[in-house]
1. What tally of residues in segment 293-302 results from selecting those that are in contact with a strand residue (DSSP E or B) (Cβ under 8 Å, 6 or more places away or on another chain) and surrounded by fewer than 17 Cβ atoms within 10 Å (Cβ to Cβ)?
2. Take the residues in segment 1-32 that are part of a helix (DSSP H, G or I) and closer than 17 Å to residue 72 by Cβ, then tell me which one is farthest from the chain's Cα centre (by Cα).
3. Being touching a helix residue (DSSP H, G or I) at 6+ places or on another chain (Cβ under 7 Å) and either part of a loop (DSSP other than H, G, I, E, B) or assigned by TED's automatic domain parsing to the domain that holds residue 37 (or both) is the filter here; which residues of segment 307-340 pass it?
4. I need the full set of residues from segment 159-178 which are crowded, with 16+ Cβ neighbours inside 10 Å and part of a strand (DSSP E or B), in order please.
5. Report, by residue number, each residue of segment 30-64 that is closer than 13 Å to residue 6 by Cβ and in contact (Cβ under 8 Å) with a residue 40 or more places away in the chain.
6. Return a yes/no flag: does segment 244-252 have any residue that is surrounded by fewer than 14 Cβ atoms within 10 Å (Cβ to Cβ) and touching a strand residue (DSSP E or B) at 6+ places or on another chain (Cβ under 8 Å).
């Protein structure tokens, strides 16, 4: 299928890297320098504005099975989709940074229909939902749900004390309804067999019913894992931090603290969140973190719009004794670095 991506930023590059293997791909970006990062990929690059009919025509939009608009501007993405649809693109996906066009109300549907947009994607909302799923699975470093929640897929990292590293899989007596479907050792993923012996540092992927995979989690981290009320600290009260806090409040079962550096934004957060403690300060300030006893948190989530500060906040939290640290990574190239220095969960949006 021929696919056109409007926007060569982090999202556009990540999509191109994955899709170029199986599809004919063209990337459109107004910055001539952006095209250089795609030299290693099998893609065509067109320099120009993705809202221009001439530029889209040069990218052969009339032959495209799909156009994905993922620049940093919602308006540009929407207009690109509208023009592409009129020029013959079969399908259009539009990335946005706010919830105006993602709802199910009639106004949002009318806007999508008017601009010819088949699917609206809000990465920040998806990231908040993913982090909430991970927090809701104590000990897990990734979590997905299937069949309307009847099946879960959890990823765990084994430490030196894990009971699962004591014997071959066939001897572990996993609970009924749970299956270890894959093991990642260093950078190699393999399908385990009965004689597979898990090791310290392995990442295991467990699929099954919610009760069964929770039981496996207790085997991974001890019988006390997942019991009681979790203490969660969020650093960064932007879109992701705010939506995550709202979701956690609605789910219940957490003691929530949110740290935001901007006083005006902090006032908004305090007025909008019913049960969260909102602190005005720098989430990378060691004195603040110590004064507020952040080290007692079960989970710390850093979602500042800066990879270096997120990494610093997570490393400080780890030094203070936080059990699990989760962070947002803006640059895909940093994902491996975050994993190597011991960040439990690093997610890109």
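The values are calculated or read from the model by the stated rules, or taken from the named source; none is laboratory data. Not measured: the values here are computed from a predicted model. Cβ placement follows ideal geometry from the backbone for every residue including glycine, while neighbour counts extend to all protein chains displayed.
1. Matching residues across segment 293-302 total 1.
2. 16
3. 321, 322, 330, 331
4. Result: 178, single match.
5. Passing the criteria: 50, 56, 59, 61, 64.
6. Scanning segment 244-252, I find no residue that is surrounded by fewer than 14 Cβ atoms within 10 Å (Cβ to Cβ) and touching a strand residue (DSSP E or B) at 6+ places or on another chain (Cβ under 8 Å), so the answer is no.
Every residue, every condition in (1) modelled with pLDDT under 95; (2) surrounded by fewer than 15 Cβ atoms within 10 Å (Cβ to Cβ); (3) closer than 15 Å to residue 115 by Cβ, yes or no:
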{"site": "1", "(1), (2), (3)": "yes, yes, no"}
{"site": "22", "(1), (2), (3)": "yes, yes, no"}
{"site": "29", "(1), (2), (3)": "no, no, no"}
{"site": "37", "(1), (2), (3)": "yes, no, no"}
{"site": "42", "(1), (2), (3)": "yes, yes, no"}
{"site": "59", "(1), (2), (3)": "no, no, no"}
{"site": "88", "(1), (2), (3)": "no, yes, no"}
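Residue-by-condition table, conditions (1) on the phi < 0 side of the Ramachandran plot; (2) part of a helix (DSSP H, G or I); (3) surrounded by fewer than 16 Cβ atoms within 10 Å (Cβ to Cβ):
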{"site": "34", "(1), (2), (3)": "yes, yes, no"}
{"site": "45", "(1), (2), (3)": "yes, no, no"}
{"site": "50", "(1), (2), (3)": "yes, no, no"}
{"site": "56", "(1), (2), (3)": "yes, yes, no"}
{"site": "72", "(1), (2), (3)": "yes, no, yes"}
{"site": "79", "(1), (2), (3)": "yes, yes, no"}
{"site": "82", "(1), (2), (3)": "yes, yes, no"}
